[in-house]
Each structure stands twice: as C-alpha cells, then as structure tokens.
2 protein chains.
Amino acid sequence: MAVKNAFYAQSGGVTSVINASACGVLETARDHPDKIGKVYAGRNGIIGALQEDLIDTSLESSDAIAALKHTPSGAFGSCRYKLKGLDTHKAQYERLIDVFKAHDIGYFFYNGGGDSADTCLKVSQLSSSLGYPITAVHVPKTVDNDLPITDCCPGFGSVAKYIAISVKEASFDVASMAKTSTKLFVIEVMGRHAGWIAAAGGLASSEDCPLPIVILFPEVPFDEAKFLAKVDEMVKRHGYCSVVVSEGVQDRDGRFLSDQGLRDAFGHAQLGGVAPIIANLCREKLGYKFHWAVADYLQRAARHIASKTDVDQAYALGCAAVELALSGKNSVMPTIVRKSDSPYSWEIGVAELKDVANVEKKMPENFISEDGLGITEACRRYLQPLILGEDYPPYRNGLPDYVRLKNIAVPKKLEGEFQI
Amino acid sequence: MAVKNAFYAQSGGVTSVINASACGVLETARDHPDKIGKVYAGRNGIIGALQEDLIDTSLESSDAIAALKHTPSGAFGSCRYKLKGLDTHKAQYERLIDVFKAHDIGYFFYNGGGDSADTCLKVSQLSSSLGYPITAVHVPKTVDNDLPITDCCPGFGSVAKYIAISVKEASFDVASMAKTSTKLFVIEVMGRHAGWIAAAGGLASSEDCPLPIVILFPEVPFDEAKFLAKVDEMVKRHGYCSVVVSEGVQDRDGRFLSDQGLRDAFGHAQLGGVAPIIANLCREKLGYKFHWAVADYLQRAARHIASKTDVDQAYALGCAAVELALSGKNSVMPTIVRKSDSPYSWEIGVAELKDVANVEKKMPENFISEDGLGITEACRRYLQPLILGEDYPPYRNGLPDYVRLKNIAVPKKLEGEFQI
C-alpha cells in the first residue's frame, strides 16, 4: 500500500481529554511512516477540510504532541457543523474529495460525538458513493456519554469526577455554614438530554462519607411537591442539603425549567440558569438560605482534575483508531468494552459506524432511584470506575502548563474559496 | 503557669484551608501538655461557647487531626455571629466567662476574618473588663484577602489559584469553539467589596500563554460602553474573550449590577447572578454567542487544587497562634510578612488585634490597569507567589479522602440554656 497522508479533526463541544485522543492518533501515525505520511489537522473541524485550511502537524515537536495528553480543549479548533446528505449537497462532498486529492489524503479520523459520527460515516462512504478511496475511522468523544455500543465516552469520566468532587467539597462547605447561614447548595450541571452528568453528582456521597444529595434528572419530569418534601426532609435530618440539577430538567409538559419567561427590569427576556430557579423555589417554599453555582464550561475543561481512567481511554482510543485504519477497517469506531466493574478492567472493541451515527444512548431506567431523585447501586457500579485515578498536568508558576501548538497552515493547492 | 484548657473556633465563611490552621493549632497545643490541657472546639464558632456546646478534640486521633490539613470547610462548624458591645450586651460576656470558668479555659483561639477579629478582641479584653484571665489570639482567615497588616490571608491564595486555573481552562475551551459557536465566556467570582479574587482571574493570562481576559472589579463603576468596546476589540483580535466579573460590581450610582429587578413569569423578584446579566448584555449589544458560569462555593471549597503556599501559611499561622499565646501575648494575630516577591519568601509576624478588627484592606489603586478592566504588573507580582505549588489531598475511589471528625461533645457543666 502506498504511503498516504491522513486527516484528523475535532468536532462538537470539546472536553478535557479530546486532545489525549489527538495525541494517540498523532503518535501512532508517527510510528508508521511506511503507511502514513503527514497528518493534516482540520482547523476548526470539518470546516478545515472544506475550506482547505489544514494544519501541518509534522511541524510540531514530539514534546508538543505528547503535551496534548495533558491539555484540555481542542488544540486544532472544533466546530458545530454537520455534513448534509449526499443527495442534496453533493458539492460539499466533491469539495472534500478535491481537498483530499490535492493533499494526497487517504485516511480520515474524526473525533466527536453522535453528529460527528454521522459526518464520519458519510466520508467513509465516499469510496462507494463517489469513487474516492478513503479509510474513515471515528474517534469517540462526548461529555454527554450518549454514544451507543461503547461502554462509556471519553470526556465523560473527567466531567463526572469534577462534578462528584465539586459536590463533595461544596457539601462540606454548606455543612459548616448551616447552623446560622446557608442550608442549601444548588449546582447546575450539563446534560440537556440525558442525566449521566447529574448522576455523577450522586457519587459525591459514598458509604464512608454519606452526604445528603438530591438530584434532578432530565429523564424525570419535575415534581415540585415531591422535590420540596425531599429537600425539606434532608435539611431537617442533616441540617443541610445539596441539589444537583441538570440543565435539561423539564416540567410535565416537556418545557425546560430554565425557560420560565424571566424578564429583566425593561421586560426583555432573560436567559438564566435553572440553578437559581430551583434555589429561589426552595427559599420561597421552605425558607432556607441558599447558594447556587453553575459549572458550565468549567466542568468539561477541568483537565487539572481529569480522571486517569478517562485520560487513558481517550489516548488508547486515538491509538486504536489509527491501528484500525492501518488494518484496513473503514467506517468503524473503536469502543470501550467493560470486562469487570471491580476491580475495573476494560479493553478496546470495534463498532460499525452505521450502528453509531445518530443513535443516542439513554441512561438505563434502573440507574435512577424509585423516587426519581437519586441514583441506584447499579448506577454507582457503572459510574464508580470512570472517575478512578488522578492524572495531574505539569505546573508552571502555579498554573497548569498546557500546550498551545504552532498550528502552521499547509500551503493551499486549490483555487477559489468554498463557502460553508 | 498552671495548665489551662484552650478554646478554638471557626468563624464566618469557611475556606479550603481553614482546617489547615485548625490542624496547626491542635498539633501545636498537643506538643505543650505542660501548658495546654485539652483543646475544646466551639461547635459552630462562638455560638458553641455561648451555648456550652464544646467539642473534645482530645478524642480525635492524631491521624484525624493531621487529615484536617487536606480537608476543606470548617470541621467544627462555623457561624455568622458577631459579639455585640460589652456596654449593651454584658450578659453575653458573663456567659462566656461562666463557660470558660466551668471548663477551665485559659486560651482562646478564634479563626476568622475582620468581624471575627473584633469578637476575638472583645474576648481578649475580658481580663481587664471583667477580671477573667484569658489569652486570646486571632488566627486570620478570609478568601476576601481584606485583613490589614498581614500581607495576605489564608484561604485567598487557594481561591486565586482555582479562579486562575478555571479561567485558563475555560478560555482554552472557548478558543476551540469560537469559529462556529461560543465567542464569549463570563465567570462570576466572589468578592462583594474588593476585587482581589476577580484580579486573580487575570493571572490566567501569562507571558508564555497570553489570553484575552477582561475583568470587572467592584472598585470600578461599570462603564457599559467602555466594557463592550473592550470585549468587542478582544473578540475581533483573538476570536474570543473571557470576562471575569466580581459579584460586587456596581453601576455609577453604587447599585449592584446583580440587583436589576429581575422578575419571573409571575412577577416575583428573581435573584440571579451578575454573570448572566453581563453575558446577555454582550449578546444583545455585540451579538456574540456566550456561555457563563457562577463558581460560588466551588471556588472557596476547592481543596483538590489548593495552593501549597496557602496551605503552608494557614498551617503555620495556626501553629504561630498557639506559640504566641504560650509566650504570653494577648490580643494579637500572627501575620504573613513578605520578604521577597521572587523567589518568594515569607515569615510570620505579629499584629495587635486593635489594629486589625473592623479594618478592611482595599486593593491598591495601582493594581488595576488604567482602563479599569485588567490587572497591572504590580498586581501580578503580588498575586503570583500566592498561587504557587500544588498540595493534593489523598484520594480514595476517585474522590478526595476528606476527614470528618467524630466531634464528640464535652459534657455540659452549666444549668440552663443561653439564647443567642
């Protein structure tokens, strides 16, 4: 097989470990100069391919590439952009082929979630649909943990660890203040469609250090009376309570609680978080003094406290993607296969992209406790291994020493611009 | 001198290192059984003394006491309660003396901020005012960094480190997303009266890794036009921007920006944070897609990423407080004296409590840049050493292994209840 160049890009919301997957891809590709020439990264995901805005990763030192393993965010830029269908948007695909041809690209690695798997699937079909030979492998990534087949998704374990630790720390804080001040702490976490991240808040409470925690899942329609009764019971019994609320929590009619028609002094619509809404509700109905936090990007960017399990898996999946491609597999995604909960063990598996693209994995019903406000032992068994281990980045002057690549552009070979 | 028991309590908002000071006090006291008998901790601060709700710390193992050094929050409970003047509330002081007498307490260590220093000062005057011999030493603590005389306050350095790291991590995230999505990240930080914590957000940007950051200080009246122009310039030049906004930022008339008369769908007043207000303003006026976070308790509880400098100083000040008391000093507070910025060096000094109580240290004017939206080199020189070093807690099953003490009550000796 002739030496071909490879394309790699990052897609969708970034995570604290997506660069660890990039590191796996780039290091493994460099180990196979007999098969892979240069790896060109797309600047801002697939947009980089469409606009022929490619980054020459061969110009980065091996130290810089290694440092990706401890650097959060997307080192080459990401995008929220999904390829449309071949039938209606053939020009897009022809453009991709033009760019791939111009730069002798025979491998396509796309690092993202469900939407991105769909893009990767479409590219993997270019051989059959438009006659351009390419091997496309998807590298899974999403804090939402909602990809099918794989046991878990890189990015999720570190968010889970961050949220579990944050809820534990804040709960200790509230417990100290409860006598004369704050009795209730509310934290809003990501997960608009699934409660995986909210569930991780439940890990803050453990057998050796139980904490009063109430969780509001997007899967469970908000029942105000039941929720308030539970919070009240917790505060009366323990003196305080922490509430983990998913940004996606909805009322019985399927409306987001965060979308409650807030208006500012001038009557303009105001986008608030759901945490202050829940906190205010508790104060109004129960009279408890509260504090609230919205973690937002902090949770998915917190490489400083990433889960070692997550970092290891993200890196391994990047390596595996290249190995799959080199072994001739097209239109696949390496997965995590769980071998055992405790002691935790896992290995790499393979899924067909057609089984992954646009399929959303929901949280199993038996992961949410009967009252709808907590997690079950089954959920705990699943989540626990994913937050295991710390993988601290190096520090410099008190700050994590994250790498910024040179990201030098590959000279363009095509004429004209492509409008996206 | 006869052996006397000691009283120790935590006061005001807790921090990630106040227990390190407790550890210093308790360990040092245990080293002097010839002078200090038992250390009784007040359950929930001074309230524990008033209500004779004392905790016998001698029943805690030395391992448990040592573990306080890596455990956030207030291990004995804190309170927001300030002793009133002796002239108007003599009964309170007589009650304190009754409790101290009943439990043979001759040393009083109070761990808190400015208000607490005032309480400690009043207790230190019991010898002269009411004839009860007691030695009272204050142990400084406040994330607000606003105590006078001491170069810095334990608790602040760790919040500063957390905010600097969080802003760096979120900035990397936004930079990745900016091409097709989020261009602006707003984070709200603590500091209602002083911008020390907001200033720490500026540390996220360094010479080797510059980042576009705009800071809104409580010291600088909010100038909408100037702020928007700066954000716009940053986004146009760098593609994205991070905004650090102090919860205490005010308009020209001295009104908190967070107090903008938000109303929910039913017309009820809604307490939102200032972060969404700033974020919405930028979207409305500049059109940029945003994300926002409110760190709240997470920032002051984040022992998982505490500054080693801060932990060391908190512990040393606890030790020094006991040593000062044993050397016969009354009505004092150990302080941090900075000897050199770089390489950073410091030593313990002493301040008179009368010079500390109710005095608020403001941020120097030359710490805020001329445009009012950033920090100066002088500020950076001051802040930089305070975030140096990491002091990771031990982990167990993926979570920090924080200690919870047994907190066994000392049998009451007095009749009747004291109403606070």
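Values quoted throughout were computed directly from the atomic coordinates according to the rules given, and no laboratory measurement underlies them. Just so it is clear, the structure is predicted and the values come from calculations on it, not from any experiment. When we count neighbours, we look across all protein chains shown, and the Cβ atoms used for this are built from the backbone with ideal geometry, even at glycine.
If the only charges are +1 at each Lys and Arg Cβ and -1 at each Asp and Glu Cβ, what is the size of the charge dipole of chain A around the Cα centre, to the nearest 20 debye? Walk me through the intermediate numbers first.
Values: 45 positive and 51 negative charges, 93 e Å.
Roughly 440 debye, rounded to the nearest 20.
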Considering the options B:Gln299, B:Pro210, B:Val235, tell which one lies farthest towards the positive end of the dipole of the range B:156-301, charges being +1 on Lys and Arg and -1 on Asp and Glu at the Cβ, about the Cα centre.
-> B:Val235
Pseudo-label separations to other copies for B:Lys354 - Cα-to-Cβ vector, 7 Å, nm = 8.8
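Would you work out the charge dipole size for the protein assembly as shown about its Cα centre, treating the Cβ of every Lys and Arg as +1 and the Cβ of every Asp and Glu as -1, and quote it to the nearest 20 debye?
Details: 90 positive and 102 negative charges, 26 e Å.
It comes to approximately 120 debye.
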Kindly express, to the nearest 10 degrees and within the range 0 to 90, the angle between helix B:90-102's C-alpha long axis and the longest C-alpha principal axis of chain B.
-> 60
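What number does the range B:156-301 give for Rg over Rh if you use C-alpha atoms and the Kirkwood radius?
Values: Rg = 14.7 Å, Rh = 15.3 Å.
Across the range B:156-301, the Cα-based Rg/Rh ratio is 0.96.
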The distance between the Cα centres of the range B:383-416 and the range B:219-257, in whole Å, is 37
Divide the volume of the convex hull of the Cα atoms of the protein assembly as shown by its number of residues and quote the answer in cubic angstrom per residue.
-> 166
In Å and from the alpha-carbon atoms only, list the Rg and Dmax of chain A.
-> 23.0, 73
Could you state the angle between the C-alpha long axis of helix B:156-177 and the longest principal axis of the C-alpha atoms of chain B, as a value from 0 to 90 degrees rounded to the nearest 10?
-> 20
With 18 Å as the limit, write out which pairs from A:Lys141/A:Lys161; B:Lys38/B:Lys101; B:Lys141/B:Lys361; B:Lys90/B:Lys413; B:Lys161/B:Lys308; B:Lys35/B:Lys329 have Cα-Cα distances beyond it, or answer none.
-> B:Lys90/B:Lys413
Within the protein assembly as shown, helix-based [θ] at 222 nm, where runs of 4 or more DSSP H residues each add -39,500 (n - 2.57), nearest 500 | -10000 deg cm²/dmol
GNM, chain B, Cα, under 10 Å: largest mean-square fluctuation among B:Asn366, B:Asn407, B:Asn358?
-> B:Asn366
Net charge of neighbours whose Cβ lies under 13 Å from the Cβ of A:Val39, counting Lys and Arg as +1 and Asp and Glu as -1 | -1
Taking Cα centroids, how far is the range B:289-347 from the range B:1-54 in Å?
-> 18
Give, as a single signed number, the net charge of other residues whose beta carbon lies under 10 Å from the beta carbon of B:Gly389, with Lys and Arg counted +1 and Asp and Glu -1.
-> -2
Rounded to the nearest 10, the angle in degrees between the Cα long axis of helix B:308-326 and the longest principal axis of the Cα atoms of chain B comes to 20
Return the average number of partner chain Cβ atoms within 10 angstrom of each residue Cβ along peptide B:403-409.
-> 1
Which one of B:Ser124, B:Ser181, B:Ser331 has the biggest mean-square fluctuation once chain B is modelled by GNM with Cα springs under 10 Å?
-> B:Ser181
Using +1 on the beta carbon of Lys and Arg, -1 on that of Asp and Glu, and nothing else charged, what's the dipole of the range A:156-301 about the Cα centre, debye to 20?
-> 300
Selection from A:Gly114, A:Tyr162, A:Ser62 lying farthest towards where the dipole of the protein assembly as shown points positive, charges on Cβ = A:Gly114
Sorted from shortest, what are the nm distances separating the label point of B:Leu414 from equivalent points in the other copies, each placed 7 Å from Cα along Cα to C-beta?
-> 8.3
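Suppose we keep just the DSSP beta bridges with both residues in the range A:156-301; what percent of those would be antiparallel, to 5? If you can, show how the numbers build up before the last one.
Values: 3 of 18 bridges.
Antiparallel: roughly 15 percent of the beta bridges in the range A:156-301.
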What is the Cα centroid distance between the range A:85-109 and the range A:110-175, reported in whole angstrom?
-> 23
Sort shortest first the distances from B:Ser340 to its counterpart in every other copy, using label points 7 Å along the Cα-to-beta-carbon line, and give them in nm.
-> 5.4
